[in-house]
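Report on one structure; see the data block that follows.
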Amino acid sequence: MIKNRDFIVVGLQALDSRIGSNCINIAQEIARHNRVLYVNYPLDRLTKIREKADPLVMKRNRINKGLESDLVQVSENLWNLYPKTTLESISRLPFSGVFDLLNKINNKRFAREIKKAVDKLKFHNFFIFNDSDMFRSFYLKEMLHPELYIYYTRDNLIAVDFWKKQGIRIEAALMAKSDLVVANSTYLADHARQFNPHSYYVGQGCDVSLFDKNLIKEEPEDLRHIKRPIIGYIGALFSLRLDIDVLVYLAKQRPDWQIVLVGPEDDAFKSSELHKIPNVYFLGSKKMEELPAYLNFFDVALNPQKLNEVTIGNYPRKIDEYLAMGKPTVGTLTKAMEVFAEHTYLAVTKEDYLTLVEKALSENSPQKELEREIFAKSHTWENNVREIYDKMLILMQSPK
């Protein structure tokens, strides 16, 4: 445990982000026993132009003009900084020399704003925790001189086109010079270890408090007319991450199963054969607080993930949610899914999916449901942060 210290947290998502973030959850957990400065990313010029009507961008512009405070206390130990600066838009630059020059300028602007807040809050001997912000925070170790610089990798970002151009080179260099690299999947930890021997898997936190079957009062109306068994998926229906062929195969092979999909669709899903199969149901997007009620009435939960560069290292938070409600769960075998091997059914082929769903249906029991719930509820943010602390303490206590 680390207590009564100062942390600076930077990352890819602002504290006022419209979507959840591991980084926000980790910062909130650290702030239980330490002072934390959560630094929102500065806007770049293109974003300010393209998204000028976005309320969040408009707020940043007001702050930059001094019309609102740039440093806000969120709770007793947590402050949020809106850096009063604008960065150059460089992510797509093809020339490494030009990119590095402008990126150093961006980092200087960013570091200057952080330093002002650090001085105002009287932070000292602080740690920097960087959630995958490989460009804007590349030079912060040299510019701010933290006691430890920790890089957190939670997605295989360099497989995504936006990051590929400069990210493959930059992230490797940033991992190499960080004091510590922590990852939420064994795959990403193994990848980081190529560049830094102090790279560790620290697990993943997940707030599954919503996913409690005892809180479910009634079946959602649009599920009531669907026959059983229900084989379901909850989440974004994006073809980059999900295998449409697996779903088509299951639906056609077992017309007595009802394939229920809850979540927004991309164009590939909207135009897929799935919409022509009578035992496939698209129920659309639901509010977060509504999802447990749908999951509660699934007989088997699915995660038919594609195996590619983008997905191979991802920690699937939805699996914790499925298991927290005791649901038999069938997913694709990936390095990250090995953590769940004892409590899920892991498939390689679409034929495996058929066999394993049948097995999941036939051998489910109250005892298995309880074991799944206990396992999922062990993945707390408190445990996740404790693992990070343990790795930090090892470094701090080792001979210099």
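Points worth noting:
- Residue match in the range 90-108 (condition: touching a residue at least 12 places away in the same chain (Cβ under 8 Å), in the same structural domain as residue 136 (by TED's automatic domain parsing) and either at positive phi or among the small types (Gly, Ala, Ser) (or both)): yes
- As a summary of the residue check, residue 307 satisfies the conditions (1) modelled with pLDDT under 95; (2) over 22 Å from the mean Cα position of the chain (by Cα) except for the one numbered (2).
- Odd one out for residue 367, checked against (1) within 29 Å of residue 270 (Cα to Cα); (2) free of Cβ contacts under 8 Å to residues at least 40 places away in the same chain; (3) over 22 Å from the mean Cα position of the chain (by Cα): (1)
- The single condition among (1) in contact with a Gly (Cβ under 9 Å, 6 or more places away or on another chain); (2) in contact (Cβ under 8 Å) with a residue 60 or more places away in the chain that residue 219 does not meet is (1).
- For the range 194-239, filtering for residues that are among the hydroxyl-bearing types (Ser, Thr, Tyr) and not in a loop (DSSP other than H, G, I, E, B) leaves 4.
- Among the residues of the range 9-43, the ones that are outside any loop (DSSP other than H, G, I, E, B) and either touching a residue at least 60 places away in the same chain (Cβ under 8 Å) or closer than 24 Å to residue 388 by Cα (or both) come to 17 in all.
- The range 370-400: number of residues that are surrounded by 14 or more Cβ atoms within 10 Å (Cβ to Cβ), among the aliphatic types (A, V, I, L, M) and under 24 Å from residue 340 (Cβ atoms): 3
- The C-beta contact set for the range 286-303 (first residue at pLDDT 95 or above, second residue among the polar types (S, T, N, Q), distance under 6 angstrom, 6+ apart or interchain) comprises 301/329.
A quick yes/no check of all residues on (1) part of a loop (DSSP other than H, G, I, E, B); (2) closer than 15 Å to residue 45 by Cβ; (3) of a type in the set (Gly, Ala, Ser):
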position: 99; (1), (2), (3): no, no, no
position: 103; (1), (2), (3): no, yes, no
position: 108; (1), (2), (3): no, no, no
position: 120; (1), (2), (3): no, no, no
position: 134; (1), (2), (3): yes, no, no
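The values are calculated or read from the model by the stated rules, or taken from the named source; none is laboratory data. Every value quoted in this text rests on a predicted model; they were computed, and no experiment measured them. Glycine also receives a Cβ, built like all others from the backbone with ideal geometry; neighbour counts cover every protein chain displayed.
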